[in-house]
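Peer 1: This is the structure I want to talk about, given as structure tokens.
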Amino acid sequence: RILLNPPSSKSFLLLRQSISTMSAAKQTFYLDPNSSNAWRVSIYVHEKKLNPEIKKISLAKGEHKQPEYLALNPRGQVPTWQDGETVVYESLGILMYLESQHKENPLIPTNAKDQALFYTRLFQFPAKLENHTIFGSVVFGKQGK
């Protein structure tokens, strides 16, 4: 398609600004500062140099079980990440989402060997903190691996 009357540089600049504004969805991070899962995401957000809106959800006050929050996160847990219409509410899922959406400051290695170590460490920590593992170790004296 040939433009007989190309847009002026001023109108082109305004068009470019409106497109970038439309594509820059508002990002909101819902967390309870006492949640270790929220800490994981907080550290990642800091390392990625992101600046989302922060909304504190008090687990102690039961704010995570209020209808407004449950509409966003039906599991009623923290953390939750909202990026426009997209909502992610598992901490590891949030990390993977942030890495795929924000290519700047990559935190996941690109070669297979280093990726394997990264994913091992990423998934190893929460596996060691599952309730049955902690309960068995503390109550029954079992050693976790």
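Peer 1: Please tell me if Pro33 is under 16 Å from the mean Cα position of the chain (by Cα), at pLDDT 90 or above and open to solvent by 50 Å² or more (accessible area, probe 1.4 Å).
Peer 2: Judged against the criteria, Pro33 is a match.
Peer 1: Go through region 64-115 and give me each residue that's in contact with a Ser or Thr (Cβ under 7 Å, 6 or more places away or on another chain) and either aliphatic (A, V, I, L, M) or part of a helix (DSSP H, G or I) (or both).
Peer 2: Scanning region 64-115 gives Leu72, Val78, Val87.
Peer 1: Right, next: Can you say whether Lys55 is at pLDDT 90 or above, of a type outside the set (A, V, I, L, M), part of a strand (DSSP E or B) and open to solvent by 30 Å² or more (accessible area, probe 1.4 Å), as far as the supplied structure shows?
Peer 2: For Lys55, the condition - at pLDDT 90 or above, of a type outside the set (A, V, I, L, M), part of a strand (DSSP E or B) and open to solvent by 30 Å² or more (accessible area, probe 1.4 Å) - is met.
Peer 1: Still on this model: So Lys61 ticks every box in (1) assigned to a loop (DSSP other than H, G, I, E, B); (2) under 30 Å from Tyr119 (Cβ atoms); (3) modelled with pLDDT of 90 or more but one. Which box is left unticked?
Peer 2: (2)
Peer 1: Pairs please, first residue from region 22-44 and closer than 11 Å to Gln77 by Cβ, second anywhere and of a type in the set (Asp, Glu) and modelled with pLDDT of 90 or more, Cβ atoms under 8 Å, 6+ apart in sequence or on different chains.
Peer 2: Final answer for the pair search is Ala38/Asp32.
Peer 1: Quick check on region 36-52: of everything there that is in a helix (DSSP H, G or I) and among the polar types (S, T, N, Q), which residue is surrounded by the fewest Cβ atoms within 10 Å (Cβ to Cβ)?
Peer 2: Across region 36-52, the extreme among qualifying residues is Ser36.
Peer 1: Here are some conditions: (1) modelled with pLDDT of 90 or more; (2) among the charged types (D, E, K, R); (3) over 17 Å from Val41 (Cα atoms). Lys128 meets all but one. Which one does it not meet?
Peer 2: (1)
Peer 1: Exactly one condition in (1) more than 30 Å from Arg121 (Cα to Cα); (2) at pLDDT below 95; (3) open to solvent by 70 Å² or more (accessible area, probe 1.4 Å); (4) not in a loop (DSSP other than H, G, I, E, B) is false for Ser11; which is it?
Peer 2: (3)
Peer 1: Is at least one residue of region 86-96 of a type outside the set (A, V, I, L, M), farther than 19 Å from Trp39 by Cα, at pLDDT 95 or above and open to solvent by less than 90 Å² (accessible area, probe 1.4 Å)?
Peer 2: Yes, region 86-96 has at least one match.
The values are calculated or read from the model by the stated rules, or taken from the named source; none is laboratory data. Computed from a predicted model, the values in this text were never measured in an experiment. Note that we place each Cβ from the backbone using ideal geometry, even for glycine, and neighbour counts take in every protein chain shown. With ligands, DNA and RNA removed, areas are computed over all heavy atoms of the protein, side chains included. Shrake-Rupley method; radii C 1.70, N 1.55, O 1.52, S 1.80 Å.
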